[in-house]
Structure formats: C-alpha cells, structure tokens
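Since the structure comes first, as structure tokens, the remarks are kept for the end.
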Amino acid sequence: MTDLWTRDAWELADGVRKGDLSAVELLDLSFERIEAHNEDLNAVCYLDAEGARARATEIDALVADGVDPGPFAGVPMGVKELAQAKGFPDTRASKLYADRVAEADCTEVARLRAAGAVIVGLTTAPEFGIPSFTNSPLHGVTRNPWNPEATPGGSSGGSAAAVASGMFAACTGSDGGGSIRIPSSYSGLPGLKTTFGLIGCGPEPFDTGLTSVHGPMVRSVRDAARYVDVTAGPTLFDPTSLPKPAPFEPLTTSLDAARDRLRGRRVAWSSTLGYGVCDTGVEELTHAAARQLVDEAGLELVDLDVVLPKPGRAWGLLSSPNLAAWAYEDAQDRLDDLDMLLRVSVEGLPHLRAHHLGRAVRRRQELLNATAAVFADIDLLLTPTTATTAYAAEGVLSGPVNGEEVNLMILSAAFTAPFNMTGQPGVSIPAGLVDGMPVGLQVVARRHEDDACVAAAALMEQARPWPKLAPGYS
C-alpha cells in the first residue's frame, strides 16, 4: 500500500495489531518521508534509527507471538525537543544545553512507549518554547508544509510540520499559551489542549506558571482522543496532576453519539474576547464554521458579549520563575548564544519584583472570575484560534491585522493564552483556507469537560473533512 503516510495513527496501529501491517515497514516509510522532505522543512532535528528499528522489530515479534503491543502499536512518533526521551538530546532547543542527554523518559513518552509507539526522534521547537514560531539558534528555521515561506507556528512547530507533511502520523506537543492550538491552526491540523493536570508531567522541569500541558499533534480527532486516553493520569513528579475519574470514560467514547453529547448546550461566539482583533477573512471563515457547528450539533447560540481581562503581561510574568529556576544561572556567561526573546527574558529577571508578580497573580484571578461568569451562562465558547493565517517562517515580533499593527501575543495567542491561565480545555478545528492557508476554529469548554471539545471536533471532522496532508505531500 503506497499511501500509508496519509493514514491516521489509529489506523496504522490497528493494522499492526492485526498483523496486516509491519512496524518495521512503517518505520522505513517514515525514514523515507523524512529523507524526502526534512531538508526543506527542518522539522526533525534528531533521529535514533538504531533504537527505533530495534523497537519496531520487537513490536512485530510480539504480534507474531499473539501479544497486543498496545493502542499505538508500531506507530512511528516524533518527540518535541522540549520533552525528554531517554538517551536523546535534552536541549530545550537551546545552545546552553546542546550537549545534554536525557537520563529518562518523561511521563508522556514513557506512556506512549508502553502503548506500543516507536519513538523515532525529536522535532524542532523554539528556544524554551517561548514564541509562537519555530526558529531557534540551535536548529534554525522550521517551515510550514502549506507554504515554506510561512511558519508552522510554535512552539510545537516541528511536530506540526512533520505531521502535516506525512513524516509521522503523530508527534508529541505541549501548550503553555497556545503551542498545540496555534501550530495546528497554521498547519491544518486538529489541536487538542487538555484540562490542566490531566496528563501528568515530569521528571522534566516543573511549570511554576501552572499553564502548560502536554498533548497530541495529529491529523484526526480519533488520534487525539486515543493519545489522551493513553497518556492521561497522575504522576508523583507532578503535584498538579489529576487522577483519572473512577470509573474512567475514555475520550474515544466522545466520538460515539457526539451529537447527543452536545445537543442543547449553550454556546457563544467571540472574535475579540474584549481585547483582541481578527483578520476579516479569518473572522468570516471561522464564524461560518461556528454557525455550522451550532447547526450540526443542535447547540443553542447565546447572544453574549464576552469581555475578558487581557492576559498578556500576567501570562508572561507568571512564567518568569521557570527561567529563574532552570536557566538563569546557566545563561549568565552565554547571553550571546540565546535567542533574542530568551535573552530579553533572562536579562529582565533581576528587575522582577514581588509587586510585579503580585499584580500578575491578581490579573489571573480577575481572568478566572470573568471566565467563570461567562461559563455560568454558556457551556462552550467559540472563537478563531488565531487572528491571522501563518506569518513569515523566520518569525515576527508584531504584525498587521486589518491594517493595525499588533504585538505577537495579540497576533497569535490572543484567543488561546487566556485558557492556559484558567486551565480549561480547548481544541482548534480546521475551518478551511484563507488565501490558501489553513485557519482554525477554537472550541473552549469548562475544566474537566474535554469530552465536549472532542465531540465538537468529531462532528466538524464529519461535516467538513480537512485534508490529511498539506498540498504536494500526499
């Protein structure tokens, strides 16, 4: 079969489990795709060919012996380079740690391995995952398969580009302000950010900002749900990790009778959240997709003016202690090795005072209060995922929206970052194209109602299927 690179991860895994497909053959195909396309896209920065082949061979042997290797049996996967895979480089996409090697798998990677995934290598990210584009001093510019002059987004940009070009059917991602949803929107993928704490983290550096979650970069909603079902659960490394409910209902069940799960729920639409702006074409397309979702799911659209406090400065400040804890001392004698955004952050740390953090904490509480008031009236909030389509691959610090110059936070993360601050689940659903580039519709639910996001995405996947791969990669 010559089109396996277009197949979803669940299809490949089920084929391996039945003995219809070979894990080794899937791995060889992944290597072929990487060799053909990575030079142009710069999405994969490390390969463990020997280790991956040994694991794929082991998977095929297990199947031959009648053993089920797990829900991702034999599926080649890439790991975002901000995460840890034992024996792989552990760089944080930074020259500071270019020679460091991971001593253990992080929780997410360990659970994927236990589910039968073949961990092949690392995908690119921006340094410390700071901006919403992928361009690091260590690995350079990563490009969007839909248009190599554009960014695939960040910080899970390498994973997005690898999945959208067919190098991998699935990769790991993480989202501290939109870093799964933004690259998914820019690259034509469904991007699920789970409730904060659902997927336990560690032993990588603890997120003192309490904003970041791990999660899937995939092409289908079923893959996203299966990924979360496999990786969710607590860990002793992470005091914020949540137990699985008892009894645990897998997210994949949200795919069944999705309409029944959503019918009658109250929803609102906003293209500003009270402070943002949105490109006219993006707003029109995503608003049309929102109306279609309302019709498909039998939702009740509520006329609600959604006004939230602008999260930008507080969102950044609450992440500052991470830099202080993990990179500040190491960076002092190597400032010239840092990306400009990281250098500004590091150099600004000595000027950070308790009252600055106090102000950020208060703003977070204001945002929590305002969001709670909104979700007292509705069950789901619909927004554009990003204000525009993808901008230049090299990255920008500001950009135009309808003729108005806005900063990078408003350009990329205005609709995503608030819900990292509140810990709510959200999903970016491919909504179509504006000027030939992908655009996402975001659906946000209450904490612990991830199933509603999955059900909404599943309905839209049925109603308006999106391309599995970027043009030219099928």
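Bear in mind these aren't lab numbers, they're just calculated from the coordinates by the rules spelled out. Just so it is clear, the structure is predicted and the values come from calculations on it, not from any experiment. Quick reminder, even Gly has a Cβ in these numbers, built from the backbone with ideal geometry, and neighbours come from all protein chains shown.
Out of all Cα-Cα pairs in the stretch 100-181, roughly what percent, to the nearest whole number, are more than 14 Å apart? Value for the stretch 100-181 (Cα pairs over 14 Å): 64 percent. Among the lysines of the chain, pairs that are 8 or more positions apart or on different chains and have alpha carbons within less than 30 Å of each other number 16. The residues neighbouring HIS214, those whose beta-carbon lies less than 13 Å from its own, together hold a net charge of -3 under the Lys/Arg +1, Asp/Glu -1 convention. Of the residues PHE128, PHE248, PHE375, the one with the fewest other Cβ atoms within 10 Å heads the list, and the complete ranking is PHE248, PHE375, PHE128. The spread of Cα positions in the stretch 219-352, taken along each principal axis and listed from longest to shortest, comes to 58, 42, 27 Å. With contacts taken as Cα pairs under 8 Å and at least 6 residues apart, the chain reaches a relative contact order of 18 percent.
Exposure proxy for PHE237, PHE31: other Cβ atoms within 10 Å of each Cβ, ordered fewest to most, give PHE237, PHE31. Among residues other than LEU338 with Cβ under 12 Å from its Cβ, the summed charge is -3 (Lys and Arg +1, Asp and Glu -1).
Exposure proxy for HIS214, HIS351: other Cβ atoms within 10 Å of each Cβ, ordered fewest to most, give HIS351, HIS214.
Scanning residues 5 or more positions from TYR46 or on other chains, those with amide H under 5 Å from its amide H are LEU122, with H placed 1.01 Å from N in the peptide plane. Under the simplified labelling scheme, the ASP99-ASP303 pair shows an inter-label distance of 6.7 nm, with each label point 7 Å from Cα along Cα→Cβ. Along the stretch 104-121 the Karplus relation, 6.51 cos²θ - 1.76 cosθ + 1.60 evaluated at θ = phi - 60°, assigns HN-Hα couplings of 7, 6, 5, 4, 4, 5, 4, 6, 5, 4, 5, 8, x, 5, 9, 7, 9, x Hz to successive residues, with x for each Gly and Pro. Determine, from the Cβ-Cβ distance of ALA372 and ARG464 and an R0 of 35 Å, the FRET efficiency 1/(1 + (r/R0)^6), rounded to the nearest 0.05. Calculated transfer efficiency: 0.65.
Eigenvalues of the alpha-carbon gyration tensor of the stretch 20-132, scaled by 5 and square-rooted, set the equivalent ellipsoid semi-axes at 26, 16, 11 angstrom, largest first.
Other residues with beta-carbon under 12 Å from the beta-carbon of ARG363 carry, at +1 per Lys or Arg and -1 per Asp or Glu, a net charge of +4.
When shorter helices are ignored and each DSSP H run of at least 4 residues is given -39500 (n - 2.57), the per-residue value for the chain at 222 nm works out to -11000 deg cm²/dmol.
Note that the stretch 382-392 has calculated 3J(HN,Hα) couplings of 10, 9, x, 6, 10, 6, 9, 6, 4, 9, 4 Hz, one per residue in order, obtained from phi through the Karplus relation 6.51 cos²θ - 1.76 cosθ + 1.60 (θ = phi - 60°); glycine and proline are x.
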